[in-house]
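Sharing a structure with you now.
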Amino acid sequence: MGLTNYWNEQHQKYEKTNWITKPSLFIQSVFSYFPPSACVLELAAGQGADTKFMIKNGCNVVAVDISQYALDIAKSRIGEQNIHKVEFIALDIAEKLPFEDEKFDVVYSHLGLHYFSDKKTIEILKEIKRVLKVQGSLIMLVNTNQDIELGKMKMKKIEDNYYETETGLKKKYFSTDEIKILVEPFFEVVLLDNQGETYKDRAVGNANLIRLIGRKK
Ligand SMILES: C[S@@+](CC[C@H](N)C(=O)[O-])C[C@H]1O[C@@H](n2cnc3c(N)ncnc32)[C@H](O)[C@@H]1O
């Protein structure tokens, strides 16, 4: 199954969950780092819970995802009143981003930047830097190598902390040290820890996702 079909199917499952419409714990914990009325590029926006939160709080957002299915749901949840503050674009973030240099104040991603090899992650980080304004910020939450699924799931190792699951999905599990090495050539680290959590994590008392805020160098 291709990547787009995989994610379209995942989104049909997510649609039925009770967390999918709630703004993430992460966006709520980092929104104070956004400048007022920020122009935001959201990578892997999914069904748009955080898109909606950012718009409601004064941002203009370009929300991208590989799944048009997810973006259609996101669009339907925004509401007529705010629809002019958001643009939805279906694209693969592994490709060059179709935006001019220095367009955005913030590039934001909630669980969308841990699907790539280190080489590809570096290319994506370079692209993110290119589309950010001077002093712009990258704000992201990604998988951690402390993840409990790492020990439990059958996965094929591709490179350090990068695996292919039985469904064919490739996933990276970062350590804070690894993220620092990848990000530091492009961004000055403002916040980096492994205390991020989703609603599912909070329900079981887990808080070990990697939170990163970097300012463009
Ligand atoms: C774990 S979900 C997170 C979605 C959303 N940010 C949220 O937190 O609800 C990962 C998202 O990444 C998207 N995605 C995966 N690979 C992608 C790629 N190469 N380009 C663009 N989007 C991708 C999926 O469609 C999915 O919406």
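The values are calculated or read from the model by the stated rules, or taken from the named source; none is laboratory data. In this text the structure is predicted, and so the values were computed from the model without any measurement. Reconstructed Cβ throughout: ideal geometry from the backbone, glycine too, with neighbour counts over all protein chains shown.
Out of region 2-34, which residues are part of a helix (DSSP H, G or I) and of a type in the set (Gly, Ala, Ser)? Spell out the reasoning first.
Taking region 2-34 first, the residues part of a helix (DSSP H, G or I) are 3-14, 25-33.
Across region 2-34, the qualifying residues are Ser29, Ser32.
Follow-up. Tally the residues that are in a strand (DSSP E or B) and aromatic (Phe, Trp, Tyr), restricting the search to region 152-209.
Let us first name the residues in region 152-209 that are in a strand (DSSP E or B), namely 155-159, 162-165, 170-172, 174, 187-196, 209.
Next cut, aromatic (Phe, Trp, Tyr) only: 162-163, 174, 187.
Residues meeting the conditions: 4.
Just one of (1) touching a Ser or Thr at 6+ places or on another chain (Cβ under 9 Å); (2) surrounded by 15 or more Cβ atoms within 10 Å (Cβ to Cβ) trips up Glu159, so point out which.
If we test Glu159 against (1) touching a Ser or Thr at 6+ places or on another chain (Cβ under 9 Å); (2) surrounded by 15 or more Cβ atoms within 10 Å (Cβ to Cβ), just (2) comes out false.
Out of region 35-94, which residues are in a loop (DSSP other than H, G, I, E, B), of a type in the set (A, V, I, L, M) and near the ligand (Cβ under 8 Å from one of its atoms)?
Applying the first criterion (in a loop (DSSP other than H, G, I, E, B)) to region 35-94 yields 35-38, 44-48, 57-59, 66-67, 79, 91-94.
From what's left, of a type in the set (A, V, I, L, M): 38, 44-45, 66, 91, 93-94.
Once the filter is applied, which keeps residues that are in a loop (DSSP other than H, G, I, E, B), of a type in the set (A, V, I, L, M) and near the ligand (Cβ under 8 Å from one of its atoms), region 35-94 yields Ala44, Ala45, Ile66, Leu91, Ile93, Ala94.
Could I ask something else about it? Give just the number: which of (1) of a type in the set (Val, Ile, Thr); (2) buried (at least 16 other Cβ atoms within 10 Å of the Cβ); (3) in contact with an Asp or Glu (Cβ under 8 Å, 6 or more places away or on another chain) does Val106 not satisfy?
Unmet condition: (3).
As an exercise: evaluate Gln10 against (1) under 27 Å from Lys133 (Cβ atoms); (2) near the ligand (Cβ under 10 Å from one of its atoms); (3) surrounded by fewer than 18 Cβ atoms within 10 Å (Cβ to Cβ) and give the number of the one condition it does not meet.
If we test Gln10 against (1) under 27 Å from Lys133 (Cβ atoms); (2) near the ligand (Cβ under 10 Å from one of its atoms); (3) surrounded by fewer than 18 Cβ atoms within 10 Å (Cβ to Cβ), just (1) comes out false.
Return the only residue of Val190, Val142 being closer than 26 Å to Val61 by Cβ and within 16 Å of the ligand (Cβ to nearest atom). Explain how you work it out, then say what you get.
Details: Val190 fails: within 16 Å of the ligand (Cβ to nearest atom).
Criteria check complete, one pass: Val142.
Matching residues to (1) in contact with a strand residue (DSSP E or B) (Cβ under 7 Å, 6 or more places away or on another chain); (2) modelled with pLDDT of 95 or more; (3) farther than 25 Å from Leu125 by Cα:
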site: Tyr14; (1), (2), (3): no, no, yes
site: Phe26; (1), (2), (3): yes, yes, no
site: Phe31; (1), (2), (3): no, yes, no
site: Leu43; (1), (2), (3): yes, yes, no
site: Gln47; (1), (2), (3): no, yes, no
site: Lys56; (1), (2), (3): no, yes, yes
site: Val61; (1), (2), (3): yes, yes, no
site: Glu80; (1), (2), (3): no, no, yes
